[in-house]
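Contents: one structure, followed by commentary.
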Amino acid sequence: LSIRRQRQMCIRDSCKAGANKGESARFKQVAREFALQYEEQLGTTLALQAARLAAQKTVTISIASEDLKLLKKSNFKLCFAKKVGTAAYNVVWQSYVKYLTDNQFSWTPEYQLFGSNVFQDNITVRVSTNKVTIGLGEQSTLDEEGLLGNPSTGGEQTAITMVNNYGTIHPGLNQLSTGVDGTQISTPIYVAQEPIVEGNVALTPVEKVLVWFEQNIETSTMFSSARSRQVEIDLTNTNEQTRLYTNQQWITPSL
């Protein structure tokens, strides 16, 4: 029963039976227990929010006015990709057409593991298996039927491990990001170009992003060639970085 309902019953019963003291004490006890439970839940929520903010990485992309006009006139998009292990960047994490002079892009270590049947250049990632939410230092088993199971502790502490009992598959990762438009979404950051066979594979996200401008490209597009107008930004040892695009060149602005 809800606290309000119990209080109403308490008042009703007190009026009918004259049991004011007993029912009042019972109500107070329930209210105290509810308050303690709420405080505990609130404390846990705040702790999780604080940990999430501490792990958040943010890049600020500034664009000089004349460059912004030229980029917009030529229909260039602002694009981001994320590094995984030692592999080359190979998926457009996000691409934006509505960017401005000052743009912030951020992310937190919140991942989803999946498998794909194919890696093909210039094609949108196709997730073939179910997706499981998973963290660093955890593993998920892809069973004989091609279903990923609930994650459990295992594998390398800095990696996400797929235990593959299915057969030939391209493992992939989604990661949560907050875009330059403020939208929060989890989209692919990586798909293995070469399929794996049965066994274990560790996917290690690296806190480096590639930023570039490109025409006619969409979020979640797979690619295998180098990007033009690009800059790699390393956030391994910091939570924030800023880059300025001016005179068609990337520079790190002085503090």
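Note down the magnitude of the dipole of region 135-255 about its Cα centre, charges +1 on Lys and Arg C-beta and -1 on Asp and Glu C-beta and zero elsewhere, to the nearest 20 debye.
Working: 4 positive and 14 negative charges, 112 e Å.
In debye, rounded to 20, region 135-255 gives about 540.
Extension gain for Gln215-Asp234 works out to 4.4 nm (0.36 nm per residue, less the C-alpha to C-alpha distance). With Cα atoms as the point set, the radius of gyration and Dmax of region 116-210 evaluate to 13.5, 41 Å.
At a 10 angstrom cut-off on C-beta neighbours, averaged per residue, how do the peptides 83-91, 145-153 rank from highest to lowest?
Details: 83-91: 18.0, 145-153: 13.9.
Highest-to-lowest ranking by the protection proxy: 83-91, 145-153.
How do the peptides 56-66, 185-195 rank, highest first, by the average count of neighbouring beta carbon atoms within 10 Å per residue? Can you show the working numbers first?
Values: 56-66: 16.9, 185-195: 18.8.
Ranking the peptides 56-66, 185-195 by packing returns 185-195, 56-66.
Classify region 197-255: rounded, prolate or oblate, from the alpha-carbon gyration tensor (a ≥ b ≥ c, eigenvalue square roots; a/c under 1.5 rounded; otherwise prolate if a/b is larger than b/c)?
oblate
Accessible surface of region 105-255, 1.4 Å probe: 43 percent of it comes from carbon and sulfur atoms.
Residues whose amide H comes within less than 5 Å of that of Thr242, counting only those at least five positions distant or on another chain, are Thr60 (H built at 1.01 Å from N in the peptide plane).
Here the extension length gained between Gln248 and Val206 equals 12.4 nm, from 0.36 nm per residue of separation less the Cα-Cα distance. Evaluated with a Cβ-only charge set (Lys, Arg +1; Asp, Glu -1), region 63-179 carries a dipole of roughly 640 debye about its Cα centre, given to the nearest 20. Other residues lying with their Cβ under 14 Å from the Cβ of Pro205 contribute a combined charge of -1, Lys and Arg counting +1, Asp and Glu -1.
The values are calculated or read from the model by the stated rules, or taken from the named source; none is laboratory data. Note that the coordinates shown come from a computational prediction; the quantities given were computed from them, not determined experimentally. Using ideal geometry, Cβ is built from the backbone for each residue, glycine included, and neighbour counts are taken over all protein chains shown. Protein only, heavy atoms only, side chains kept; ligands, DNA and RNA dropped before computing areas. Shrake-Rupley method; radii C 1.70, N 1.55, O 1.52, S 1.80 Å.
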